[in-house]
Amino acid sequence: MAISVNLDKILMKEYESTSPAELVNAPVTALAGVSDGDAEHLKAAFNIKTVGELAKSKQFQAAVLIAGLAEADAK
């Protein structure tokens, strides 16, 4: 079954028609709200250059897990 998702609100304009398979290799600046300066800091601090590297980083995954646990605990 094919799934269609509109990612326009979370991507920069030039990446709106990019497939998820291509987005994982796109620079983090493809994400709306991530500036060139932010990208430089991510690279310097964690050697993260792409959307896929950000998603796979242990720091990002830990933050998502902690936020999910806090939300579940609050219910």
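The table for this structure:
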{"item": "Search result, residues across the range 1-39 that are over 11 Å from Thr50 (Cβ atoms), under 13 Å from the mean Cα position of the chain (by Cα) and β-branched (Val, Ile, Thr)", "result": "Ile10, Val34"}
{"item": "Helices (runs of 4 or more DSSP H) contained entirely in the chain, each with at least 1 residues that are at pLDDT 95 or above and surrounded by fewer than 11 Cβ atoms within 10 Å (Cβ to Cβ)", "result": "36-46, 58-74"}
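The values are calculated or read from the model by the stated rules, or taken from the named source; none is laboratory data. Predicted model only: the values in this text are computed from it and were never measured. Positions of Cβ are backbone-derived with ideal geometry, glycine not excepted, and every protein chain shown enters the neighbour counts.
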